[in-house]
1. Considering only region 278-323, how many residues are more than 20 Å from the chain's Cα centre (by Cα) and charged (D, E, K, R)?
2. Evaluate the following for E133: is it acidic (D, E), over 34 Å from the mean Cα position of the chain (by Cα) and open to solvent by 10 Å² or more (accessible area, probe 1.4 Å)?
3. Kindly provide the set of residues from region 350-366 that are open to solvent by less than 30 Å² (accessible area, probe 1.4 Å), in contact with a Cys (Cβ under 8 Å, 6 or more places away or on another chain) and assigned to a helix (DSSP H, G or I), ordered by number.
4. Report yes if some residue within region 467-475 is part of a helix (DSSP H, G or I) and either in contact with a Lys or Arg (Cβ under 6 Å, 6 or more places away or on another chain) or open to solvent by less than 30 Å² (accessible area, probe 1.4 Å) (or both); otherwise report no.
5. Considering each residue of region 537-546, count those that are crowded, with 16+ Cβ neighbours inside 10 Å and assigned to a loop (DSSP other than H, G, I, E, B), and give that number.
6. Among the residues that make up region 37-58, is at least one of them assigned to a helix (DSSP H, G or I), out of contact with any Asp or Glu (no Cβ under 8 Å at 6 or more places or on another chain) and over 24 Å from V97 (Cα atoms)?
7. Which condition breaks for L460 when tested against (1) surrounded by fewer than 18 Cβ atoms within 10 Å (Cβ to Cβ); (2) closer than 27 Å to R422 by Cα; (3) among the hydrophobic types (A, V, I, L, M, F, W, C)?
8. For region 498-516, give me the residue count where each residue is open to solvent by 30 Å² or more (accessible area, probe 1.4 Å) and outside any loop (DSSP other than H, G, I, E, B).
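The values are calculated or read from the model by the stated rules, or taken from the named source; none is laboratory data. From a predicted model like this one, the values you see are computed outputs, not experimental measurements. Using ideal geometry, Cβ is built from the backbone for each residue, glycine included, and neighbour counts are taken over all protein chains shown. With ligands, DNA and RNA removed, areas are computed over all heavy atoms of the protein, side chains included. Shrake-Rupley method; radii C 1.70, N 1.55, O 1.52, S 1.80 Å.
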Amino acid sequence: MLRSLVGSEMCIRDRSLAGSSLAMLSVLDPEYTLQIMVPTLLKNATLQNVGSRHGSLVALAALLTKWQTDPPPADVLPGVLLDCTKVLLTVYKKKLVRGSGGEATRIASCQLTKAVFALLDSEGEPVVAPLVELPAKQGILANLLDCIDVGAEALHGPVAEAVGALVGDLSDEFQSHLDEVLARVMDAKLGDKSAKNTTQRAGYMLVLGSLPDRVYTRRWYRPILECGMEFVSMKAEKAPEVRQNAVRTLHSLVLHSIARSELVADDWTPVFNKLVLALGDYSKDNRGQVGSWVRIEAINALRDLAPKVSASFPELWTSPMCTKLLSCTLRLSLEHLDKVRTLALSTLHYFVSSSLPQLPHLSLLQSVCTDSICTGGALHCFEQLVALTSLPALCKPVVLGLCDSIGAPGKYTSEAAITALRGYLSTHPEAQLAVMVSLVKLINEKKGKASLTSTLVKALHSMLCADMFTAVTADEPVLMEGVEELVLVCERHAGELPLIVAAMSSTASMLMLEPDEEGDAAKLVGLPRRCVEVVIRLGLGHNFPRVRSVTADALYNALQVRDDLWEDEIVEEVQDLLLETKWEADLMQLQQPLQQLEALTLG
């Protein structure tokens, strides 16, 4: 069986399986393994044939990994490891990492490097590192970093693990060389603000977060920490990978400080704020919602760090900090992406079930965040968490998360969010005003972000159309504030047509809200007057036909519900104008009907 595995031609996936099988079988015949199999693999690892070369490198890596638990005789092991280091140098010297199969060869070389330098003796020290000459270690490190410069993201993880194993031995000579390399990485590879290859930056960022503790302890903890915090908020093409790996680096560094009992407020507070910032990464590009990668990494980091910091450093874990973490986790627990929502719900349940210190409203959270919240569908989760809108401190994040799901492209998630919110508000009318106030505040706070603002405005329109605010009267001041915010949004994002359409539709839908007392039908005042004014002048008078057409439909539908705004004759005339006018015609041809509408409705 061993002979068959060594000599077989297989695809890449099968080679990995064959390498694992070979390592498991090797312990059954150690003599054959050392005398026949290992020399054959070492020889084939530098051949031109891609299949033989890659398969041999993978098999050697698997074999050495197996030797971490079932080592061969102590007098044989160093020789095999030194031969493997020579193979690693030869592969690059012969340029076998280029051309067809080059990327697979690089990954296999990284796996072998990690396996070679991760083998420890009985005292927990690296076996081969003291035996390898300095030029050889320098060459292997240079070859690993060269993999980052290739710009292939698939290489980042294997390279980071291999570098972490290689630099575990910090002899004086190699330590000095490593300092030079890290300084060059920090200054040239990460510090150059004009650098365009963010894929390389992502790779180097991951490497910096995978170094052994002794590297951080000596002098590199502070520079790498500051670099990680800077890159968490990096904005550039393909920057999500950089931000994702920066979050991993910050996670690793804080764990290092916790293990050494050296975490201080000056480090933890800014790191926590950066991780919270990463929880709100909703960036998109042509690959889709890439910001979710950053959010998932940040959730995992805070889920791990929050209990450890609160237990080991209670003076650093404050009530505002815990409330902020809870708010962000709640928002993500209600968002539309299943993968993020599932992880956030699991994290929320973990925080509540473990009674994370300083967690507010714990008794209500425990009644809401039961075990079923982690296994139930979207509708069940939304129905459980929507009850938290009754808490002023948590209403905004809950509403923000529900708005994200209401505006989701998936019909099931959107309908589940609307159903849950409508069901709760119908049985708890006292919460309707709080939800509306939260929505208006969120639109005000987020109006600089077109995508998020569009989501909020579309959700507002859906809520108004679903009659969720039957207990909110038109006399509430927050509604007038909402209309003004919608006007500002349209002016600020004049090129975002879907946003403007949603804003005009929402403004028209506000006409359906009833006042406390019936006013004079001959005189339109307050919120209804402002809504009509905005709809006619901004919506029906907009340059784009689509905006005018949708606004006319929304206004007509609103007047079907509120036909008491004017006298019956005026209402009928306004409705006729809205129906009969071709709003998608040239704007110059619409001046007369616009003037008629304004004269009829505003006087």
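1. Selection size over region 278-323: 2.
2. When the stated conditions are applied, E133 passes them.
3. The one that is open to solvent by less than 30 Å² (accessible area, probe 1.4 Å), in contact with a Cys (Cβ under 8 Å, 6 or more places away or on another chain) and assigned to a helix (DSSP H, G or I): V352.
4. no
5. Adding up the residues that qualify gives 2.
6. No, every residue in region 37-58 fails to be assigned to a helix (DSSP H, G or I), out of contact with any Asp or Glu (no Cβ under 8 Å at 6 or more places or on another chain) and over 24 Å from V97 (Cα atoms).
7. Result: L460 passes all but (1).
8. Residues in region 498-516 being open to solvent by 30 Å² or more (accessible area, probe 1.4 Å) and outside any loop (DSSP other than H, G, I, E, B): 2 in total.
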